[in-house]
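Some notes on the structure that comes next.
The values are calculated or read from the model by the stated rules, or taken from the named source; none is laboratory data. What you see is a predicted model; the values in this text were computed from it and never measured. Using ideal geometry, Cβ is built from the backbone for each residue, glycine included, and neighbour counts are taken over all protein chains shown.
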Amino acid sequence: MPDEVHRAIRVRAAQHGRSIEAEMRDILESAVKPQGRVRLGSLLAEIGRKVKLTDEEFAVFESAGDRTPARAAKFE
């Protein structure tokens with residue numbers, strides 16, 4: 001890495017109160033994270049608010065289904 005780039009990252013890390021490694025992780029994450037990504041849980045919660053679910057209706061979703069992780073499929 002060129003000295004100029006390393007120096008700029010070191011300054012940026014200091015400004016954010018992070019280590020150089022933590023700053024690099026943040027830069028990489030920001031670079032590859034899709035813009036405007038919608039998270040499913042947030043989308044469903046927003047829909048629930050729009051249709052004005054009651055606490056009882058919402059509780060049905062909280063208690064529904066088996067929450068154990070699925071097992072990997074075996075292809076033998």
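Residues that are surrounded by 10 or more Cβ atoms within 10 Å (Cβ to Cβ), farther than 30 Å from Phe58 by Cα and either of a type in the set (Gly, Ala, Ser) or in contact (Cβ under 8 Å) with a residue 60 or more places away in the chain (or both) within segment 9-46 comprise Ala13, Ala14, Ser19, Ala22, listed in sequence order.
Being modelled with pLDDT of 80 or more and basic (Lys, Arg) holds for only one residue in Arg49, Arg37, Arg67, and it is Arg49. Within segment 12-24, the presence of at least one residue that is at positive phi and modelled with pLDDT of 90 or more is confirmed.
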